1. Working carefully through the options B:72, B:56, find the one that is within 14 Å of the chain's Cα centre (by Cα), farther than 30 Å from residue B:166 by Cβ and more than 11 Å from every other protein chain (Cβ to nearest Cβ).
2. Determine whether residue B:78 is surrounded by fewer than 24 Cβ atoms within 10 Å (Cβ to Cβ), within 27 Å of residue A:173 (Cβ to Cβ) and in the same structural domain as residue B:217 (by TED's automatic domain parsing).
3. Is it true that residue B:196 is surrounded by fewer than 24 Cβ atoms within 10 Å (Cβ to Cβ), facing chain A (nearest Cβ under 8 Å) and over 21 Å from residue B:42 (Cα atoms)?
4. In region A:37-63, how many are in contact with a helix residue (DSSP H, G or I) (Cβ under 9 Å, 6 or more places away or on another chain), outside any helix (DSSP H, G or I) and on the phi < 0 side of the Ramachandran plot?
5. What number of residues within region B:195-220 satisfy the criterion of being over 15 Å from residue B:166 (Cα atoms) and part of a helix (DSSP H, G or I)?
6. Output yes when any residue across region B:51-63 is touching a residue at least 12 places away in the same chain (Cβ under 8 Å) and in a helix (DSSP H, G or I), and no when none is.
7. Kindly provide the set of residues from region A:92-124 that are more than 7 Å from chain B (Cβ to nearest Cβ), assigned to a loop (DSSP other than H, G, I, E, B) and touching a helix residue (DSSP H, G or I) at 6+ places or on another chain (Cβ under 7 Å), ordered by number.
8. Can you name every residue in region B:208-230 that is buried (at least 24 other Cβ atoms within 10 Å of the Cβ) and more than 10 Å from chain A (Cβ to nearest Cβ)?
């Protein structure tokens, strides 16, 4: 495009400035979030220091605040979600690209994408009133029967808790991971796949030995994307996790995550220290997602350069 | 490599095909289950009073959520009024002025990062910059937090849409002596109209179902919306509060509100996707 001439119209100067300012708002907001979260958690930061991250005590009555159970819950629920969602996404993407006839693939693909459009609070309602009773009646007793010797599957099957939260998050991040994986699978040049088919390979052999190795970096990017979404998921988790500041080995037990603690307690927190501790929880979550996002962005950018495609 | 008989390989392949088909069925079944549950329970709660009456205390029959419906409309309206123009202008900068500038690439990068920041953090941020200084929760603050969520989404999609417009069109307008701003707003915008509208509708659909950013900003209220300068009733926080309450009639209302929100968001999403697809095949 042509560079603007030095004798620019005054209106054009102004227009350019207005658009640049609007764009700069994005930077200003990210900066503002950093500054405000630090400023408003200063009290808790100075009072607890690094102990905040390692202490399990969360007792507003005694003015003791430790983030360990929230951080643990965030990591465990995210891990459960990824363990369920990543393999499922791989095989669904495989179905969409290699197995299904094009018309069916289109319909199923759009159905899976619709899962991403459903608001978080709807997942919460469904999870609490529909899924949790089914889990407590059928799934959790079966798991306890089969793997009850492991501490992971012990305790009363209440239907709400870490496992339920993980399952719901898995369902919510599934469409995002699947979409990227589908694109990655489609990116593999047909010539490469066809030469493998030509040698007599089956669909699975082509997928395992050609498609997946070819797109492995893209698949990793998809997992990053899912991870970033899972870690900050709030409303659906708040509905089903049980909201207890307690670390338990059992996946059936209620727990909490950073975002669910915020959603539950923030408006009730009247004392400055309580509020400050909750803002510090927010700061931890922001730091986690911020670093993840930057890593994912850099990863995808490098990938784009290497493969000269857009993801 | 290990040798395997043709039959063994066929069996493995068949198993994988079966598993992948099963997984796809599972995904679609989950979608159907959610839609079915919300429609069945929500439909039972929806009647005329649902849309016209104010909520009643638990146990009293005949309450509705007219205040929350209006509040959600107002808050989303404020978000759209702030987020759309700013997002469009940011998109113009990214596509027309800042393709290769440092500011452009920084904004592009940070927009993606901002889109990944959990929405509850945005709510916390707006709490610290608006609710704390003003001393009270307000619908305005709710609107601002939704606008912040919209901004990077609208900016990035409008950048993509504006870039699809061929440069020859810009050059023709400039050659006729039109200033840059008229070229952009009168010619480039018109050419990209369908795509821009689609992006905007998708962004509005997305924020209208948000709950977490409203928890610490708009809060909620059982009263009619008189002003946005006070805690403002809205559908999503109402769902949260009512669902967590022990009262069955409140839970029923929460299902009704869930159906309204879900139907609206899905309808907007599907319509704008259809429009985008038509545009793509047509150009």
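The values are calculated or read from the model by the stated rules, or taken from the named source; none is laboratory data. Computed from a predicted model, the values in this text were never measured in an experiment. Quick reminder, even Gly has a Cβ in these numbers, built from the backbone with ideal geometry, and neighbours come from all protein chains shown.
1. After applying the criteria, what remains is B:72.
2. no
3. Here the answer is no, as residue B:196 does not meet what is asked.
4. Here the count works out to 5.
5. The qualifying residues number 17.
6. Yes, that holds for at least one residue.
7. A:100
8. Answer for region B:208-230, where residues must be buried (at least 24 other Cβ atoms within 10 Å of the Cβ) and more than 10 Å from chain A (Cβ to nearest Cβ): B:214, B:217, B:218.
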